[in-house]
Amino acid sequence: MHEVIKIEGGHLLEGEVTVSGAKNATVALIPAAVLANGPVTIVGIPQIADVDSLSAIMRMLNVEVTEVAQDHLIIDPSRMKNVDLDDEIVTKLRASYYFMGALLGKYGRVRMKMPGGCYLGPRPIDLHIKGFEALGAKVVYEKGCYLIEAEKLTGAKIFLDIASVGATINIMMAAVYAEGRTTIENAAKEPEIIDVATLLNKMGAHIRGAGTNVITIDGVNSLNGCFHEIIPDRIEAGTFIIVAAAMAKHMVIKNIIPQHLDALLSKLKEMGVKMKIGVDYVEVERSEGLKSVDITTRPYPGFATDLQQPLTALLTQANGESKVQETIYIERFKHCMELIKMGADIDVMSGYAIIKGPTRLDGSKVAATDLRCGAAMVVAGLLAEGVTEITNVYHIDRGYSEIDKKLSSLGAMIWREQVED
Ligand code: EPU
């Protein structure tokens with residue numbers, strides 16, 4: 001038996017939905033918290049499987065994790081032990097790699113399995129490793145595990161060949177206790193990086209420039225516990241705005257920082273989506289006759305690769321030909337194969353896809369081949385005639401907090417079922 005999500009399409013949505021804390025900030029904030037010497041309280045934790053996996057990893061490290069309320073964790077690393085992380089759970093998610101930077105920073109040693117996560121084509125971690133080496137660490141890969149050790153970490157100037165989110169955060173974490181100054185040049189500028197730097201600074205770190213392409217970290221000797229509230233999830237927010245553009249009669253998406261969504265919002269305007277952008281919400285009305293648009297994914301503040309997949313589902317309904325170009329993960333087009341099964345007219349080329357619309361979508365059996373493909377299948381399922389059955393729902397549950405509950409409250413016909421293998 002396995003679990004599937006089923007959606008009966010064609011129902012217009014109405015009402016309000018509140019966006020949860022940012023997944024890609026949360027999965028870095030939790031490992032960052034272990035750098036403290038006292039309890040760190042984090043609120044706004046989304047209900048996602050990646051948090052459960054990270055909590056399990058922390059328990060292996062003898063970190064006390066207390067769920068005070070549904071979205072509220074206390075992480076107490078006071079009695080932490082730096083054990084080898086060679087359990088399979090490390091391979092369940094990409095973000096387990098943040099324990100590399102955190103444990104190296106705190107203990108000067110980490111041994112862990114290769115991180116997992118969505119397959120979006122090759123996802124090397126060479127820039128993380130180069131960063132650790134620049135700080136004085138030796139890195140060996142043996143028997144499926146990384147062993148990263150340093151007698152002493154010393155601040156260094158590190159230039160990232162690609163502005164990588166993961167490498168920027170991992171190097172920040174490894175450098176907080178290093179002696180002297182570390183400078184990360186061509187750093188990534190995603191809002192999640194600012195959130196992690198904010199937490200570390202509240203703990204007592206000295207990080208400047210997060211959110212720009214040059215980040216400076218002056219090493220400190222001790223970090224304390226603190227309180228932190230996670231920023232809203234701009235990708236969940238964007239997904240719900242796309243859902244609204246597809247199917248809303250009238251929807252309000254709350255707990256948003258609209259500036260984080262500039263690239264998406266301007267593309268949706270260009271498509272003719274009727275929106276009102278508030279201080280911390282976006283209101284969407286029924287919009288007919290959507291126009292095609294071209295998008296190219298770029299690092300923040302460009303168009304987010306994580307929103308490329310759900311937007312592709314909406315573009316099947318736009319009049320004309322849209323071109324979706326990937327520059328971050330050039331193989332991130334598996335969702336197109338699933339959309340084609342539902343009746344979409346899409347040509348996938350090398351690094352880009354051409355979507356011709358509008359086309360009718362028919363409820364079908366499709367797979368959430370990765371997290372954001374899952375989001376694309378949900379958008380398509382809401383649009384389709386008949387019932388769509390989505391398999392591999394664990395990918396969706398890794399990153400979307402209670403997506404079925406949130407959509408049901410808006411009037412969607414969405415439910416889970418156990419089906420035969
Ligand atoms: N890259 C390298 N070497 C490295 C690191 C990255 O070549 O050492 C390349 C990657 O292959 C990719 C580009 O650099 O082509 C950017 O990758 P980045 O490191 O920025 O991505 P990431 O940190 O692995 C995070 C998010 C992804 C999101 C990307 C891009 C987390 C846990 N993951 O991944 O989120 O797509 O940034 O914004 O924060 C998702 O949420 O569905 C997801 C995949």
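Projected onto its three principal axes, the C-alpha set of the chain covers 62, 43, 40 Å, listed from the longest axis down. Rg then Dmax, both in Å and based on the Cα atoms of region 9-141: 16.6, 58.
Model label points for Met413 and Val387, set 7 angstrom from Cα along the Cα-to-Cβ axis, are 0.9 nm apart. The Rg/Rh ratio of region 23-229, with Rg taken over Cα atoms and Rh as the Kirkwood radius over Cα pairs, comes to 0.92. Straight-line cross-link partners of Lys274 among the aspartates and glutamates, defined as a Cα under 20 Å from its Cα and at least 8 positions apart when in the same chain: Glu14, Glu16, Glu236, Asp262, Glu283, Glu285, Glu288, Asp294.
Our note on the geometry: Cα centres of region 97-168 and region 11-46, 24 Å apart.
Over the chain, dividing the summed -39,500 (n - 2.57) contributions of all DSSP H runs of at least 4 residues by the number of residues returns a 222 nm mean residue ellipticity of -9500 deg cm²/dmol.
Measuring spread by the Cα atoms of region 272-421 yields a radius of gyration and Dmax of 15.2, 47 Å. With the charge dipole of region 23-229 set up from +1 on Lys and Arg Cβ and -1 on Asp and Glu Cβ about the Cα centre, the Cα lying farthest toward the positive end among the listed residues Val43, His128, Ile30 is that of His128. With neighbours defined as other Cβ atoms within 10 Å of a residue's Cβ, the residues Thr327, Thr388, Thr297 order from fewest to most as Thr327, Thr297, Thr388. Computed log10 I(q)/I(0) for region 168-222 at 0.15, 0.16, 0.17 Å⁻¹: -0.32, -0.36, -0.41, from the Debye equation with unit scatterers placed on every C-alpha and solvent omitted.
The simple spin-label model puts a point 7 Å past each Cα toward its Cβ; for Lys269 and His206 those points are separated by 4.2 nm. Exposure proxy ranking for Leu339, Leu199, based on other Cβ atoms within 10 angstrom of each Cβ and starting from the fewest, stands as Leu199, Leu339. A straight Cα-to-Cα reach below 25 Å connects Lys6 with the lysines Lys23, Lys92, Lys249, Lys334, Lys341, Lys365, Lys405, Lys406, residues fewer than 8 places away in its own chain not being considered.
This model, with +1 at the C-beta of Lys and Arg and -1 at the C-beta of Asp and Glu, gives the chain a dipole about its Cα centre of some 800 debye. With contacts taken as Cα pairs under 8 Å at a separation of at least 6 residues, the chain carries a relative contact order of 21 percent.
Need one word for region 124-164: rounded, prolate or oblate. Basis is the Cα gyration tensor (sqrt eigenvalues a ≥ b ≥ c); a/c below 1.5 gives rounded, then a/b vs b/c decides. Since a/c reaches 1.5 but b/c is at least a/b, the shape of region 124-164 is classed as oblate. Three principal axis extents of region 340-394 based on alpha-carbon atoms, in descending order, are 28, 24, 14 Å.
What FRET efficiency would be calculated for the residue pair Asp126, Thr154, taking the C-beta separation as r and a Förster radius of 30 Å, to the nearest 0.05?
0.90
All of the numbers you see were taken from the coordinates with simple rules; none came from a lab. A quick note: this is a predicted structure, and the numbers were derived from the prediction, not measured. Every residue, glycine among them, receives a Cβ derived from its backbone with ideal geometry; neighbour counts consider all protein chains shown.
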